[in-house]
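These notes concern the structure reproduced below.
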Amino acid sequence: MALPHRARLMATAVHLPSQYRTMDETRAQIAAAGSPVVPPRGLLERFTGVRGVHVRDEGQQASDLAAEAAAKALATAGTDISDVDLLLFASSCQDLLEPATAHIVAAKLGASCPVFDVKNACNSVLNALQVARALIETGQHRTILITCGETPTLGTRWRLPDVRTLHSAAVGYTVSDAGAAMLLTAGPAGEQDPGILTTRFSAESASWQVCTVRAGGSMNWRPDDDEPTYVQMQGDMAAAGRQHATRALTAYEPEFDLVRSSAFIAVHQISVSQFHETVTAFDLPAERCMLTVADHGNAASASLPLQLALAQETGRVGPGDLVSLIGFASGFSAGLTVIRL
């Protein structure tokens, strides 16, 4: 009888583009575009708490950011790409509608294994962990490389015809480009052995229209103008997301004992106020969380691996520690994953 497997996290890595744009530079760029409406100086910072975002280099693709992070993760784990038997690309962004961006990442890394994309807005990486866990635990794959390349700054709107449009486009000024990767492999499943211990997810899809990028699909295959290419909010995204998150994560209360006992808790962050509200609402130990959105912006689905990688680099967590990843995404969806390092 085969011994049970646990999906063990071997390495987490991030790649942040060299360009960095402050909110003051964002304001100047809006003005330079001849926008009829320009946010007053300091408004974006006061509203979101974000001081700046990372921006991809000209011509740099989502797959490039993912491949850079993946190479770091493989090097950290001392694993060759030939040892990877499944590669996932998990991101809200992509290079093309067809083929799956996972193929492009695999080609850049020299991988020859099966590949596919996992896409669920800012929960893409979290859902990829769920998929990888299931495939490893059932013995279908042994070593899985999750890659992520986020380029949401492409959806930033620079010309604002009116104040209403400013409110709709505001989320686009705080999103950040980033690459991330997580390498998992099969390991023993004893009580204290490292690996993914639990995953929980939920969705309330009736609110899908609250935050969208509409271009490129059947609704807006060939838009007449640039409008559908921008990140857009309809209504109060923060309030809608908060209501769903409260309902969803309340249902996860049995798992939250494990979350609150974790040495580190990563929470998806879209603004400074949302981060603090989440920590308070779910009674999380603030000293075990990390505020990243102020300096790094909203890195979409790279946000959780970014926080975990920074926690590991700074010595806040190490082998044997429990870490929890809590995600929220437009659509709306929520989820959590608990991992023993």
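Roughly how compact is the chain, stated as its Cα Rg over 2.2 N^0.38 Å to two decimals? Compared with the compact-globule rule of thumb, the chain sits at 0.97. Could you work out what % of the accessible surface of the chain is carbon and sulfur, using a 1.4 angstrom probe and leaving DNA, RNA and ligands out of the count? Its accessible area is 53 percent carbon and sulfur atoms. Taking GluC sites (Glu not before Pro) as exposed when DSSP calls them loop and at most 16 other C-beta atoms lie within 10 angstrom, the chain has its longest site-free stretch at 192-341.
The Cα center of region 134-189 and the Cα center of region 1-79 differ in position by 9 Å.
Each residue of region 281-296 was assigned a 3J(HN,Hα) from its phi angle through the Karplus expression (A = 6.51, B = -1.76, C = 1.60, θ = phi - 60°), giving 4, 9, 6, 8, x, 4, 5, 9, 10, 9, 7, 10, 5, 5, 9, 10 Hz with x at Gly and Pro.
Axis of helix 237-250 versus longest Cα principal axis of the chain: the two differ by about 20°, to the nearest ten degrees.
Spelling out what I want: for every residue of region 182-199, take phi, set θ = phi - 60°, compute 6.51 cos²θ - 1.76 cosθ + 1.60 (Karplus), and round to whole Hz; glycine and proline get x. The phi angles translate into 9, 9, 10, 9, 6, x, x, 10, x, 4, 9, 6, x, x, 6, 9, 7, 9 Hz. Rolling a 1.4 Å probe over the protein chains gives Thr199 an accessible area of about 30 Å². Rounded to the nearest 10 degrees, the inclination of helix 124-137 to the longest alpha-carbon principal axis of the chain is 10 degrees. Averaged per residue, the chain has 43 square angstrom of accessible surface, using a 1.4 angstrom probe with ligands and nucleic acids left out.
Okay, helix-only estimate at 222 nm for the chain: each DSSP H run of n ≥ 4 adds -39500 (n - 2.57), divide by all residues, round to 500 deg cm²/dmol; what do you get? Per the formula, -9500 deg cm²/dmol.
The values are calculated or read from the model by the stated rules, or taken from the named source; none is laboratory data. Here the structure is a predicted model, which is why all the values come from computation and not from measurement. As a convention, Cβ positions derive from the backbone with ideal geometry for all residues, glycine included, and neighbour counts pool all protein chains shown. Please note that ligands, DNA and RNA were not included when accessible areas were found on the heavy atoms of the full protein model with its side chains. Shrake-Rupley method; radii C 1.70, N 1.55, O 1.52, S 1.80 Å.
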